[in-house]
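For reference, the structure discussed in these notes is given below.
The values are calculated or read from the model by the stated rules, or taken from the named source; none is laboratory data. Please read these numbers as outputs of a predicted model, since none were measured by experiment. Positions of Cβ are generated from backbone atoms using ideal geometry, with glycine treated the same way; all protein chains shown enter the neighbour counts.
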Amino acid sequence: MSGSINRRVTRYAEAIAGIGDGATILLGGFGGAGVPLGLVAAIAEAGLRDLTVVSNNGGSGEPDLSIWLAGGQVRKLICSYPKSKASSTSSFTDLYRAGKIELELVPQGTLVERMRCAGAGLGGFYTPVGVGTALAQGKEVRNLGGRDYLLELPLHGDVALLRAHQADRLGNLTYDKTARNFGPVMATAAALVVAEVDAFVALGTLDPEAVVTPGVLVDRVVTVGAPR
Amino acid sequence: MTPLTRDQIARRVARALPDGSFVNLGIGLPDLVPNHIPADREIILHSENGILHLGPRPPAGQEDWNLINAGKQPVTIRPGGSYFDSALSFAIMRGGHLDISVLGAFQVSGDGDLANWSTGAADDIPAVGGAMDLAVGAREIWVMMEHSSRQGQPRIVRRCTYPLTARAVVTRIFTNLAVLVRTEAGLVVEEIIPGLTLAALQQQTDAPLLAGTQAGRGLAPLEG
């Protein structure tokens, strides 16, 4: 099929081209589901430094975010749950205890909603989550309709790295089960959106009713197992 | 007098879940609840990572690591189940669309304050996950926990000393010794294990307790 738009890239090096030191990276995944491991490996290999990473988890000791942490590539982690079962030996735990990494701890629903705001062009939102807790420190509290809320601000990424199931050349994406998690929201919230997919399919193959992330949000698609 | 086992607490919680309810189970002790849901009851389980109507862990060898629960363990999905992204999942939680959230806890106060995300220890790795969202959003917050800490300290306290998850949210507490309900008047003991007196339970509880009989409910034996 012909057409001028083609989001597909054939190599991981192309998929991450232009991402620089100091970037803020939105990294998809919840636990082991939905983490773009090939893109993670490519960023590790590129040796990028001073990264700010937004990720629900802090790495499990598998070849996930843990390898960026172990490589000293991450300056700051914005995260809801940096602990893992492997945490007694994980890189995040060591770095955090040694004071070598900054942590911004955010309740999970607030984390995703801050990215949703960024992607939806909104200036922030008021949430009841965290009111009266240690995580409310420094945040504006506003009483609306008799209930206290915290002001939370949008969270933008320079880059979003996602794991999806299928893609076509326009960048339309489907997901696989609970590997969907943060992907659809992160796809709205970054200047450059890169998806790693199980399969690239011909235009017209994806049922428009089944497309979760429309291609307008996606810049590059690389297939799992593509050459470096 | 025999305190309930962890599985017996889970069975008691499962029996209390109303037919037709939408429920989120936290990680830890609540993980045991699905094993005990009566077969004739339709309970729709939600997990924060974007799934409604999850079923039990599949047999060994059939795990799908793209199909996991909030504890990151493989699960199955039941007929009528659905997947959705994290923003919608937390809208379901925060927006009051779940009937009940069952959570583990370090401490609960008599006013319903919940502490379940951090011990506050200097070497603790802070990790909140969806705990605060769940505690604020579900229509009812049930806590299941051992009545006392491993060091023998009461977990049901006048004032939480651990960092708070949310204020005044817990509606019901299931422990290995008793079932308690929070009312305007205070914490009411609805059920207690046979052989344990209310006075003995109070000795293991920092927050003041009211007997269910005083609220006209009747103090019933707690059975797992």
Considering residues of the range A:8-38 that are in a strand (DSSP E or B) and away from chain B (no Cβ under 14 Å) only, the residue surrounded by the most Cβ atoms within 10 Å (Cβ to Cβ): A:Ile25
Some residue of the range B:71-80 being under 21 Å from the mean Cα position of the chain (by Cα), surrounded by 17 or more Cβ atoms within 10 Å (Cβ to Cβ) and more than 21 Å from A:Phe182 (Cβ to Cβ): no
Some residue of the range B:121-135 being within 14 Å of chain A (Cβ to nearest Cβ), at pLDDT below 95, in contact with a Lys or Arg (Cβ under 8 Å, 6 or more places away or on another chain) and outside any loop (DSSP other than H, G, I, E, B): no
Only one of A:Ala179, A:Ala189 that is under 19 Å from A:Val212 (Cα atoms) and within 7 Å of chain B (Cβ to nearest Cβ): A:Ala179
Index of the failed condition, B:Met145 passing every other in (1) modelled with pLDDT of 95 or more; (2) within 14 Å of another protein chain (Cβ to nearest Cβ): (2)
Checklist (1) in contact with a helix residue (DSSP H, G or I) (Cβ under 7 Å, 6 or more places away or on another chain); (2) modelled with pLDDT of 95 or more applied to B:Leu180, failing item: (1)
Evaluation of B:Trp142 against (1) over 24 Å from B:Ile100 (Cα atoms); (2) in contact (Cβ under 8 Å) with a residue 60 or more places away in the chain; (3) crowded, with 19+ Cβ neighbours inside 10 Å (one fails), failing number: (1)
Conditions (1) in a loop (DSSP other than H, G, I, E, B); (2) buried (at least 19 other Cβ atoms within 10 Å of the Cβ); (3) among the β-branched types (Val, Ile, Thr): number failed by B:Ile173: (1)
Residue tally, condition of a type in the set (A, V, I, L, M, F, W, C) and within 12 Å of chain B (Cβ to nearest Cβ), over the range A:55-70: 0
Strands (runs of 3 or more DSSP E) contained entirely in the range A:96-175, each with at least 1 residues that are touching a strand residue (DSSP E or B) at 6+ places or on another chain (Cβ under 6 Å), more than 9 Å from every other protein chain (Cβ to nearest Cβ) and in contact (Cβ under 8 Å) with a residue 60 or more places away in the chain: A:157-167
Test: residue in the range B:94-111 that is within 10 Å of chain A (Cβ to nearest Cβ) and either surrounded by 15 or more Cβ atoms within 10 Å (Cβ to Cβ) or not in a loop (DSSP other than H, G, I, E, B) (or both): yes
Failed item in (1) surrounded by 24 or more Cβ atoms within 10 Å (Cβ to Cβ); (2) not in a helix (DSSP H, G or I), with A:Ser60 passing the rest: (1)
Enumeration of residues in the range B:23-34 that are on the phi > 0 side of the Ramachandran plot and either outside any loop (DSSP other than H, G, I, E, B) or free of Cβ contacts under 8 Å to residues at least 60 places away in the same chain (or both): none
Counted residues, the range B:35-57 - those being in contact (Cβ under 8 Å) with a residue 24 or more places away in the chain, touching a helix residue (DSSP H, G or I) at 6+ places or on another chain (Cβ under 7 Å) and crowded, with 20+ Cβ neighbours inside 10 Å: 5
